[in-house]
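I have placed the structure first, in the form of structure tokens, so that the comments after it can refer back to it.
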């Protein structure tokens, strides 16, 4: 009998504790009635102040950096009830459902964060409201990126391609190199028209050779050629890619210790149906370096970067004049029906800009060309001088995106499917670790202050010594699993392709000398 | 209760004397001789289990099978930083495994067979003696043994319920300890086979156990890589295992199968003995018992004899076993050097190197650590060639192609001290690469200092925040973070200011660094960089570039040398002899002893110049620790 009462008592106590916790969790924290106005905005991290945010973005959880004992944030807009969030130690984690509802109801309106901080003496202070704007246009729901440590650039350890759902911060692995024994490199994920149904991922493995995985509506095939920087023709019938004889070297005194040079490069294109690789003379000039192909949305032009080779010795690393190489922006017309190429023309000359023009990406609506420019060379992520620029393709005018740039490198940019958002890698948070930043670009080509990719934990980036690169926005998730992709990567069955022998670059198709591995 | 007076040693019957003696010796040997604090150093750091406080680190470990046991092992490894505590942890785990083995085998502590229960503990000691961190395997085995004992004690009589309990434990254990669940499977099967006895159930357990583990691995957890679930499996071809030496793997395999093997042996022996006993006649048994009683009067003496025999037997097994598998001399000394080196205890580094026979085969680590210790004790110019130097290892600063992680650490710290900040940064990332990006606390701290020096304060903060979660070094990181709040560029910090004053500011690009070029650039940047000067001169001496050596002699004035260091004197004499040019030394002189040695060298040299072997034998005992010897033979620090 006694035992039964004891059990009942314990049960009741547990139920009481659970109920109290539930009550505490669900009770709306009360706004303080008595407070002092501080007269400035609170410092928060990440910096989510004065930005334009997509209405479908995940909660922008942040840390309040002002000293205090308790923290309360009221988030409100023009329409609907706001929401109030209390946080310990300054950590503000916004409930997702309420956030979503608030943003959805207030497209095009301003969004305010009223931040209250309670001092140890019990007095509350209210900081000036953090004001952001909710855009009318959604952002693509997913971003795919490469995730690795800074050391992985020159050794194949711990590299993976991941995707994150921008609406709820859920992450998943697309392909990670530890899935194939002996490690290797995974990179250069490219999608057709922001759709995850059709994509390419490059793999370099120690034991299974190099190749490119072609994913098409759930089917994976391995092409026996390592595609460099690739770009899909909007029809999905072919992909242009670069072949790069890339070498890495090191600086003794610069802020950035790494540097990269293409000793040689050219552009070829892979035809999916015929499984062949071809090129054009303008894309594989033996005296020039061609790289970073990018198709226009109508598929009529291929933009690319091209620079003259400034050294005699094509094996010396670093080559002479490596810091004088500057790429022009060029384009060439193409007729997919006849598979004919036109004449290449210079769109923007490095001589005119004084800088090296890199990574052209055309907006899906065909109106703008986003690119970056840096002091020299072909790898803007290693150049602190690398900044984003936007060209109006109708007028040919371009300007620096001062709204989005920083004193550190900005690069690896991409567009959302509605041409309103850009994602890019920036080293602005510290100068070493690239993080994905999102920025709104309006119809006139004006960009707005970028913000870092939100995470569930506001302190996520504080001790993260990894880099994000090549963010690509997609409308849906990549459905195919890491297991299937890694099986394909390790497969000996592949589509054999022959690289045209007229190019100046070494064959990158079958397993050859891996430049990355030659670096000591 | 028997009064103690009547039977003064009667307490021996109840006190586990043998285990107390054994584990006391185990603990003391581990603490004072092996030194668990050394597990944080040398190659072990490549496989060292890192630990961070906080939920994210724990969450990672909880997300895959064997994660919890690895987490615990990581935590316990940090305690090895304190030698007495690390030794205590390992001893307690070993004792736990012993007790569980004894419980499973049900051998009385008075029995000589009890010795067999100590074997797993002995294997642990052997692994420790090879300076392999035993904790990840030990913890997994301990957990498996514990669950096995629980199963035996609490399994219900009803067979279906027992099977259900087995499956539950198997699943839970697989999650907790990965492949060590197979130990439980084997023990449970043996229990069913011998003790119930239900042989069919035993066989069923083997099949079910394997199936459960496989199902959980592929169907439930689906780890990103199969390595995660095979972590405690010494048989598998994982990166973890392939990095280990052959004998270490053998010992770990023995530990993995040890307990099931012991139980199988003991139970088979019992079964056999039972069979043989049944065949003896009743009369024979009566006769044997009375003889036994006559020869050994009283259980008291029988008890003392037994534990004494156990001790002797254990000693006979343990001592040669541990000795055979140990790597005390070579590896221990290297670890000690690394230990002192990390703590900048330079006289201790040299004290260790002096215990190593001079003619030993030195690797780059020894040479690096020795030279660095000599520099910091102000003896580099005088005694460098009294220690081992080798022409084929003349690359004092660079050359990441060779050596293990400890040499990378050494070079990283050396480069930073010299002012080669970017090179140190690069080496740090090379180290990360080799350790699968595990946050080694030494490297994290160096990176933080590098980025503070370069003005990348936010990047430095990232590394310091990671380091602040380290159990041992966290407080240091927090202190530095606090200082950065007050003085963001640490302009009042002497060390940082010194680095900023000597770091190279004129760029050059390399694939492979040129030692001469880099050291010269350092001196061009700051001519008072004494370390750069001494290393540059050492570089010229090692590479026999006496013309460049002599060119830089006037720099002695920049550093206020009262006299010319011994080896510099020797090099000057060689140079003057070869070129017939006199070097002006101002107020400084060549010492009389150096002159005498030079004459002796020339005299012996001219006698035996035809036969290098004879020349070596003649010169080594007297002049093997001079630059004269090195210049001629390309080796130094020899005595025979």
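Any read-out appearing in this document is the output of simple, stated calculations on the displayed coordinates, not a laboratory observation. A quick note: this is a predicted structure, and the numbers were derived from the prediction, not measured. All Cβ positions, even for glycine, are placed from backbone atoms using ideal geometry, and neighbour counts span all protein chains on display.
At-a-glance table
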item: Residue-averaged beta-carbon neighbours from other chains (10 angstrom radius) around A:242-254; result: 5
item: Angle between chain A longest axis and helix A:2-26 axis [Cα atoms, degrees, rounded to 10]; result: 60 degrees
item: Cα coordinate range in chain B, projected on the principal axes (Å, largest first); result: 105, 60, 50
item: Theoretical FRET efficiency, 1/(1+(r/R0)^6), r = Cβ-Cβ of residue B:602 and residue B:552, R0 41 Å, to 0.05; result: 0.95
item: Averaged over A:255-263, number of beta-carbon atoms from partner chains that fall within 10 Å; result: 2
item: Relative contact order %, chain B, counting alpha carbon pairs below 8 Å whose residues are six or more apart; result: 13 percent
item: Pairwise Cα inverse-distance average, inverted: Kirkwood Rh of the range A:23-134 (Å); result: 14.2 Å
item: Rounded, prolate or oblate (a/c below 1.5 giving rounded, otherwise prolate when a/b exceeds b/c) for the range A:79-161 by Cα gyration tensor; result: oblate
item: Rounded tilt (10° steps) of B:282-295 against the dominant C-alpha axis of chain B; result: 50 degrees
item: Span per principal axis, largest first, for the Cα atoms of the protein assembly as shown (Å); result: 116, 102, 72
item: Using alpha-carbon coordinates, inclination of helix A:96-105 to the longest axis of chain A, degrees; result: 80 degrees
item: Contact order relative to length of the range A:285-411, as percent, for alpha carbon pairs under 8 angstrom and 6 or more apart; result: 19 percent
item: Global geometry of chain A, whether rounded, prolate or oblate, following the gyration tensor of its Cα atoms and the 1.5 cut on a/c; result: prolate
item: Relative contact order (%) - criterion: Cα under 8 Å, at least six apart; region: the range A:142-517; result: 19 percent
